[in-house]
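Nothing in this text is a laboratory measurement; each read-out follows from the coordinates by a stated rule. Computed from a predicted structure; not experimentally measured. Here the Cβ positions follow ideal geometry from the backbone for every residue, glycine too, while neighbour counts run over all protein chains shown.
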Amino acid sequence: MDFKNKVVIITGASSGIGRGAAEYLSSLGASVVLTGRSENGLKETASKCTTEFLIVIADVTKQEDRVKIIDETIKKFGKINVLVNNAGQGLMKETMKATMEEYDFIMDLNVRSVFNLTQLAIPHLIETQGNIVNVSSVTGLHPFPGFTVYCMSKAALDQFTRCLALELAPKNVRVNAINPATIVTNFLQAQGLSDQLAKEYQTKGASLHALGRLGTILETSHAIAFLASDMS
Ligand code: NDP
């Protein structure tokens, strides 16, 4: 896979799956646009990239920040070849325990912001005949008790991916998603679990996976890169 002369925007590049994808795509020659709220996290990712990069500190739930991501990318690189919609958060709460504020927060971050950032990127992706990779989740495909709102958000993201793939296919812009099961990242801690609880959850979770182990960031990076590549 060759990403030379390709400009790839990765949201949530300051940690976990997004950081891994940025590092891997850079190793394949891509110029990477690293976005997220944590400047330190983005700088750490940038230090692992071997190609040209741009850091855009942005909260994807804010309209002006979404516009900033696209504008700064075009200003520096003049084009967008790939958009990786990765930023997201989970919510480990049963339906009766989730508040409406939590519902709005998850839907805003995992669905609404993806929808709008994608809208802003589409004209540029049509120009380059580029593509989109959404980082969804196994929870978009299968029900999990205690994760209702998160499952709903990723199911919405999956249906967005499918509808948009059909809308943009005539324009030769591909739209795909990956649906990982548990990957060891900061995902559980970001939603308030202690390191110890996260470890317990992951240890228990490993035995529920068919291979008897959790997924790795390298595996998601490979899948994202394949879908984003001209080989896909
Ligand atoms: P991490 O918590 O390690 O990473 C989440 C990333 O999202 C961070 O870079 C964070 O950056 C960014 N982010 C969160 N909120 C915002 C925001 N408002 N604006 C901009 N960026 C934001 O978790 P993962 O790497 O695991 O998660 C990445 C994606 O993978 C998510 O969409 C998640 O749902 C999905 N996923 C994860 C799985 C797992 O088991 N880990 C399994 C399946 C899917 P910052 O804090 O700097 O803003």
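Within region 180-192, residues that are more than 20 Å from HIS142 (Cβ to Cβ) sit with their Cβ atoms under 6 Å from residues that are near the ligand (Cβ under 6 Å from one of its atoms), at 6+ positions apart or across chains, in these pairs: ASN186/SER15; ASN186/GLY16; ALA190/GLN89. Restricting LEU157, LEU120 to those that are surrounded by fewer than 20 Cβ atoms within 10 Å (Cβ to Cβ), within 18 Å of the chain's Cα centre (by Cα) and within 30 Å of ASN5 (Cα to Cα) reduces the list to LEU120. Against the numbered list (1) surrounded by 19 or more Cβ atoms within 10 Å (Cβ to Cβ); (2) in contact with a Phe, Trp or Tyr (Cβ under 7 Å, 6 or more places away or on another chain); (3) more than 20 Å from ARG112 (Cα to Cα), ILE224 comes up short only at (2). Residue pairs whose Cβ atoms lie under 6 Å apart, sitting 6 or more positions apart in sequence or on different chains, and linking a residue in region 193-220 that is touching a residue at least 60 places away in the same chain (Cβ under 8 Å) to a partner that is within 12 Å of the ligand (Cβ to nearest atom) and part of a loop (DSSP other than H, G, I, E, B), are THR220/PRO180.
Report yes if some residue within region 156-167 is polar (S, T, N, Q), away from the ligand (no atom under 15 Å from the Cβ) and outside any helix (DSSP H, G or I); otherwise report no.
no
Residues that are out of contact with any helix residue (DSSP H, G or I) (no Cβ under 7 Å at 6 or more places or on another chain), outside any helix (DSSP H, G or I) and surrounded by fewer than 24 Cβ atoms within 10 Å (Cβ to Cβ) within region 25-43 comprise GLY29, ARG37, SER38, listed in sequence order.
Mind counting the residues in region 1-19 that are β-branched (Val, Ile, Thr) and within 8 Å of the ligand (Cβ to nearest atom)? Full working, then the answer.
So in region 1-19, the residues β-branched (Val, Ile, Thr) come out as 7-11, 17.
Next, from what is left, pick out any that are within 8 Å of the ligand (Cβ to nearest atom): 11, 17.
Result for region 1-19: 2.
All of GLY146, GLY205, GLY212 fail the test of being of a type outside the set (A, V, I, L, M) and either assigned to a helix (DSSP H, G or I) or in contact with a strand residue (DSSP E or B) (Cβ under 6 Å, 6 or more places away or on another chain) (or both), apart from GLY205. Within the set ALA87, ALA46, ALA22, the sole residue that is part of a loop (DSSP other than H, G, I, E, B) and either within 14 Å of the ligand (Cβ to nearest atom) or basic (Lys, Arg) (or both) turns out to be ALA87. Take GLU64 and decide whether it is surrounded by fewer than 20 Cβ atoms within 10 Å (Cβ to Cβ) and within 13 Å of the ligand (Cβ to nearest atom). Yes, satisfied. Of all the numbered requirements in (1) away from the ligand (no atom under 15 Å from the Cβ); (2) among the acidic types (Asp, Glu); (3) part of a loop (DSSP other than H, G, I, E, B), ASP71 misses one, and that requirement is (3). Among the residues here, ASN134 does not qualify as touching a Gly at 6+ places or on another chain (Cβ under 6 Å) and closer than 24 Å to THR73 by Cα.
A Cβ distance below 6 Å, combined with a sequence gap of six or more or placement on separate chains, defines the contacts here; from region 19-30, residues that are under 17 Å from VAL135 (Cβ atoms) reach residues that are in a helix (DSSP H, G or I) and more than 10 Å from the ligand (Cβ to nearest atom) in the pairs GLY20/SER221; ALA21/SER221; ALA21/ILE224; TYR24/SER221; TYR24/ALA225; LEU25/ALA225.
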